[in-house]
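> Okay, handing you the structure first.
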Amino acid sequence: MRGIKTCHLKVDRVNPEKDAIARAGMVLRRGGLVAFPTETVYGLGAAATNTRAVARIFEVKGRPPDNPLIVHISSRSQLKAVVKDITVEAELLMNDFWPGPLTIILPAAPVVPDIVTGGLTTVAVRMPDHPVALALIKAAGVPVAAPSANLSGQPSPTQAAHVLQDFDGRIDAILDGGPAGIGVESTVLDLTTQAPTVLRPGGITLEELGSCLGGVNINITDGAAKHTHYAPHAPLYLVTGSGPAVASKIRRLAEAEKRNGRRVGILTYVDSEDFSSAGKVVFAGYKGSPETVAAGLYAALRSFNELAVDIILVEGLEEKGIGLTVMNRLKKAADGRLIQV
Ligand code: TXA
Ligand code: MG
């Protein structure tokens, strides 16, 4: 459904043009929706204090109203306005990781509307490490509530073209600053629980959090699982294990599916085995460099929607560092279709 003209504003990633930023900031101040790049994925922003604007985010995304949004800030003084108090752990983490891909959850200040927090007494906050995002928040003059700029359930957008696939004609503007960097979302860390709790692994690894908080016990839950899918249209099967057994399992599964007349897609890596005879191959970086997989993962998942495949087979990665985040997203996309060899 297209209702409005989406203003496409191309900007330089490092030195975003002032007039484009000023225009986008104005759109936010007037209650509009602006998509913008961050160092993780593209976000879909609204002025966090404008209840009606934030309501539009939920509407265009088709997002369940009980799934709260992250408030994006460009300065520490904005943090003081949106949270009730700042813990010692929060200070340590912000010093190490902000601006950057770490979202922290703290008790919310009364100015934060219920629609942003999903009615919770806490609020998620992050300072993105991207010149365009920071300039936009500054120009808006208020904190910016923003989920990833994808239709609910779809893989997050890492390029402006992905945002337009989902929202052209439905949002007011997009700041197109080229590809986002890390490619997977921020780590979400709840600091309102007894021990800090990772609700979503992301761009900051567990190893990095551990060394910052030295000795502090960190819990991991999958609290966000009920809402997120990251899934292409065709059912996705995640094959895990070690050694050559994984590749032969993928080949056997592909053969069986083809015999049943189904078109097979395979998500694999440039430095992995050659699967070209087994199905339509899409690469998501190098498995020897999980950072490149994170950067290419969502574009790879989205590309299956254009490839006319009936089933997608995915080769798993080792679950450490950013590989843990990639596997978290792949498991959600697989929605229980896990095959261990
Ligand atoms: O990298 C990112 O975090 C991107 C960019 C745009 O900043 N944003 C993003 O937003 O991924 P979204 O809405 O797709 O994911 C936000 C996650 C959701 O899982 C949500 O449930 C959780 O953060 N969240 C937000 N506020 C929360 C709160 N008060 N308590 C618990 N979880 C919260
Ligand atoms: Mg999202």
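> Among (1) in a loop (DSSP other than H, G, I, E, B); (2) within 12 Å of ligand 2 (Cβ to nearest atom), which single condition is residue 188 missing?
Looking at each condition in turn, residue 188 falls short on (1).
> Sticking with this structure for a sec: Six or more apart or on different chains, Cβ atoms under 8 Å: show the pairs whose first residue is in segment 72-86 and farther than 22 Å from residue 41 by Cβ and whose second is small (Gly, Ala, Ser) and away from ligand 2 (no atom under 16 Å from the Cβ).
Short answer, once both residue conditions are applied: 81/109; 83/108; 83/109; 84/108; 84/109.
> Under the condition of being charged (D, E, K, R) and in contact with a Lys or Arg (Cβ under 9 Å, 6 or more places away or on another chain), which residue from segment 169-197 is most open to solvent (accessible area, probe 1.4 Å)?
Here is the first cut: in segment 169-197, the ones charged (D, E, K, R) are 170, 172, 176, 185, 190.
Within this subset, residues satisfying the condition of being in contact with a Lys or Arg (Cβ under 9 Å, 6 or more places away or on another chain) are 170, 172, 176, 185.
On the way: 170: 60, 172: 44, 176: 24, 185: 8 Å².
Only one residue tops the list, namely 170.
> Something else about it: List the number of the failed condition for residue 207; all other conditions in (1) more than 16 Å from ligand 1 (Cβ to nearest atom); (2) under 21 Å from residue 296 (Cα atoms); (3) surrounded by fewer than 19 Cβ atoms within 10 Å (Cβ to Cβ) hold.
With (1) more than 16 Å from ligand 1 (Cβ to nearest atom); (2) under 21 Å from residue 296 (Cα atoms); (3) surrounded by fewer than 19 Cβ atoms within 10 Å (Cβ to Cβ) applied to residue 207, the lone miss is (2).
Condition check ((1) in contact (Cβ under 8 Å) with a residue 60 or more places away in the chain; (2) under 17 Å from residue 235 (Cα atoms)) across all residues:
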site	(1), (2)
271	no, no
292	no, no
300	no, yes
321	yes, no
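> Would you tally the residues in segment 139-159 being within 14 Å of ligand 1 (Cβ to nearest atom) and within 21 Å of residue 74 (Cβ to Cβ)?
7
> Here is a further query. Only residues in segment 15-35 that are without any contact (Cβ under 8 Å) to a residue 60 or more places away in the chain count as the first member; pair them with residues that are open to solvent by 60 Å² or more (accessible area, probe 1.4 Å) and not aliphatic (A, V, I, L, M), Cβ under 9 angstrom, at least 6 apart or cross-chain, and list the lot.
Final answer for the pair search is 17/10; 31/52; 31/56.
The values are calculated or read from the model by the stated rules, or taken from the named source; none is laboratory data. Predicted model only: the values in this text are computed from it and were never measured. Every residue, glycine as well, gets a Cβ built from its backbone with ideal geometry; the counts of neighbours run over all protein chains shown. The area values use the complete protein model at the heavy-atom level, side chains included, leaving out ligands, DNA and RNA. Shrake-Rupley method; radii C 1.70, N 1.55, O 1.52, S 1.80 Å.
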